[in-house]
Amino acid sequence: MKPKIAIVSASGCRACETTMLDIHYGVSALNRWAEIQFWPFVLGSSMADLERIDHLDVCFFSGAIATGSDRAMAEMLRKKCDRLVAVGACAAYGGMPGLKNLKKPATAEAADRGDLPEELALPEQENRVRALDGVDGIDRVDAVVPGCPAPVNLVWAAVSALVCGGEADARITYAAARLPEEMVRPILSGLGPPPGAVFAGEKAVCATCSRKKEEKRFKAVKRPYQAYESTGRCLLEQGLICQGIATREGCGGLCTGVGVPCRGCYGKPPATFDPGAKMVSAISSTFETEKPAEIQKIADDFVDMTGCFYRYTLPAQCMLMKG
Amino acid sequence: MTDYEPKIIAFLCNWCSYVAADAAGVSRFQQAANVRVIRVFCSGMVDPSYVLKAFSSGADAVLVAGCHPGDCHYISGNMKALRRSFLLANLLKEMGVDEGRFRLEWIAASESPRYAEVINEMSESVRQLGPMH
Ligand code: SF4
Ligand code: SF4
Ligand code: SF4
Ligand code: FES
């Protein structure tokens, strides 16, 4: 029997869900392997349809949990699905919608002032934006495909591993080079990925970045438009805030390869405690001066470090603000 | 809150501030008793993640103390600590940790009164601020 699958988006931009369609002829292949039972975006399925379904094998879930209906859908899918897969930074770590947690909701502020228009028809908001596994009713997520958006090759590695029982060898081999060996072996032998598998590497982006570190130091922070070298030297050492050192590898340095600093969309590598702390230490160690006043001056040039270092991960990986 | 006792985590360098803390105890300087001391080999090894971990595990304040500039046993570990402290303080401030809850101080082995003074100052100001969460 073909495995039954669901593909859904909660609060996100839907690019992750669209990745599912980015495989061109692969779409018909997916249909050959699996029976897609619930896919609001493409099949127009509704919550009532989901209620009628007894059991699903795999669900590819993208988007963060920000509204009451996100939560209800996630909790119901967890009950009905054998394997729930978080696809993309939003579902995996809270993603960019998670930055909402930095501020009190506008509606709450308006309510404090007492001027909330009564007929305001907004979806019911959760008090905090959460990653999929941050929801009370969800005890585990069975696999994660990070990235913003999760890239086609890794999404397909996950689909092949979880839905096709390792049969779609060609696609897995394509992604295998980027996956840790302990993960690839059981997948290729048809056992499926280990529980909680993250479809990405284990080291930091720096490990696969093509740029050269020269132990140079910088005097001032720069923005991407102020410095552009398509190849060559490490961007961090040029004064750009490149978060490759605090980010899980798996993209192969997609952004840094074209001269754009890494913004951390794969979340932190397993060995990093907190991405912000890692960036503070990486950036500070490149300051040239030892004079307190001068260090203070450079440090004060960094604005919105929280929004920058935890751009994709605030609800799940920021030690001081998660939860 | 009258019976609120702030918890202070103090990362003290083995070669100077830890000795000062020890001496402060031995010579019975009056000092607030709400400090948990963690002895480290050098202030330069206190990674910003230790400080975040301390705060996220319930510390109300964190002190990092090391040798005076020029006196670090490992030559420049304390400069490393100094370089990081500014950015770290700014990040903590952004995340709602009040100024004064994180401090970097130079306290030599011979400066036990200074150690007691820093601890007392910190616990007083943190008591004013109240608990973290
Ligand atoms: S992870 Fe990025 S691409 Fe995917 S849904 Fe969220 S915002 Fe969109
Ligand atoms: S910091 Fe950025 S540019 Fe430098 S090596 Fe790491 S990923 Fe590459
Ligand atoms: S370089 Fe960084 S931001 Fe770009 S895709 Fe890779 S992990 Fe994401
Ligand atoms: S040895 Fe004391 S600060 Fe380095």
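Identify all aspartates and glutamates with a Cα-Cα distance to A:Lys100 below 12 Å; exclude those on the same chain that are fewer than 8 residues away in sequence.
Qualifying aspartates and glutamates at Cα under 12 Å: A:Glu126.
Against the 2.2 N^0.38 Å scaling, with N counting residues, where does the stretch A:205-317 land? I'd like the Cα-based Rg ratio to two decimal places.
My calculation over the Cα atoms of the stretch A:205-317 gives 1.01.
Under a point-charge model restricted to the Cβ atoms of Lys and Arg (+1) and Asp and Glu (-1), what is the dipole moment magnitude of chain B relative to its Cα centre, in debye to the nearest 20?
340
Rounding to the nearest 20 debye, state how big the charge dipole of the protein assembly as shown is about its Cα centre with +1 on each Lys and Arg Cβ and -1 on each Asp and Glu Cβ.
Rounded to the nearest 20 debye, it is 1060 debye.
Whole number please: convex hull volume per residue of the Cα set in the stretch B:8-129, in Å³?
Here the figure is 85 Å³ per residue.
What lysines could a cross-link reach from A:Lys104, if we take a straight Cα to Cα line under 16 Å and drop same-chain neighbours fewer than 8 places away?
By straight Cα distance, A:Lys104 reaches A:Lys322.
Enumerate by residue number the GluC sites (Glu not before Pro) in the stretch A:195-231 meeting two conditions: DSSP loop (anything except H, G, I, E, B), and at most 12 other Cβ atoms within 10 Å of the site's Cβ.
Qualifying residues, ordered by number: A:Glu214, A:Glu215, A:Glu229.
Would you work out the Kirkwood radius for the protein assembly as shown? I mean one over the mean of 1/r across all pairs of different Cα atoms, in Å.
24.3
Within 10 Å of each Cβ of A:269-277, how many other protein chain Cβ atoms are there on average?
Partner-chain Cβ atoms within 10 Å, mean over residues of A:269-277: 4.
Over its Cα atoms, what ratio of radius of gyration to 2.2 N^0.38 Å does the stretch A:45-173 give?
1.24
Nearest 500 deg cm²/dmol is fine: what mean residue ellipticity at 222 nm does the protein assembly as shown get from its DSSP H runs of n ≥ 4 alone, each adding -39,500 (n - 2.57), divided by its residue count?
-10000 deg cm²/dmol
Check each of the chymotrypsin sites (Phe, Trp or Tyr not before Pro) in the stretch A:228-323 and keep only those in coil by DSSP with at most 14 other C-beta atoms within 10 angstrom; list them in order.
Counting only loop positions with at most 14 other Cβ atoms within 10 Å, the chymotrypsin sites (Phe, Trp or Tyr not before Pro) in the stretch A:228-323 are A:Tyr228.
With unit charges on the beta carbons (Lys and Arg positive, Asp and Glu negative) and the dipole taken about the Cα centre of chain B, which residue among B:Cys16, B:His73, B:Ile119 sits farthest to the positive side?
B:His73
So, with +1 on the Cβ of K and R and -1 on the Cβ of D and E, and no other charges, what is the size of the charge dipole of the stretch A:205-317 about its Cα centre, to the nearest 20 debye?
220
Report relative contact order for the stretch A:4-198 in percent, whole number only (criteria: Cα-Cα under 8 Å, sequence separation at least 6).
Answer for the stretch A:4-198 is 22 percent.
Return the average number of partner chain Cβ atoms within 10 angstrom of each residue Cβ along peptide B:39-49.
2
Measure up A:Lys297/B:Lys80; A:Lys80/A:Lys268; A:Lys203/A:Lys278 against 18 Å on the Cα-Cα distance and list the ones that go over.
In this structure, A:Lys80/A:Lys268 lie more than 18 Å apart at Cα.
Between A:Ala157, A:Ala48, A:Ala131, whose Cα lies farthest towards the positive end of the dipole of the stretch A:4-198 when Lys and Arg beta carbons carry +1 and Asp and Glu beta carbons carry -1, centred on the Cα centre?
Among A:Ala157, A:Ala48, A:Ala131, the one farthest towards the positive end of the dipole of the stretch A:4-198 is A:Ala157.
Based on Cα positions only, what radius of gyration and what Dmax would you give for the stretch A:209-274, in angstroms?
Expressed in Å, the Cα Rg and Dmax of the stretch A:209-274 come to 11.6, 32.
Hey, got the Cα dimensions of the stretch A:14-120 along the principal axes, in Å, largest first?
For the stretch A:14-120, the Cα extents along the three principal axes come out at 56, 28, 23 Å.
Placing +1 on the Cβ of each Lys and Arg and -1 on the Cβ of each Asp and Glu in chain A, which of A:Ile187, A:Trp39, A:Phe60 has its Cα farthest towards the positive end of the resulting dipole?
A:Ile187
A short reminder: the numbers here are calculations on the coordinates, not readings from a lab. Everything numeric here is computed off the predicted structure, so don't read it as measured data. Don't worry about glycine lacking a Cβ; one is built from the backbone with ideal geometry, like all the others, and counts go over all protein chains shown.
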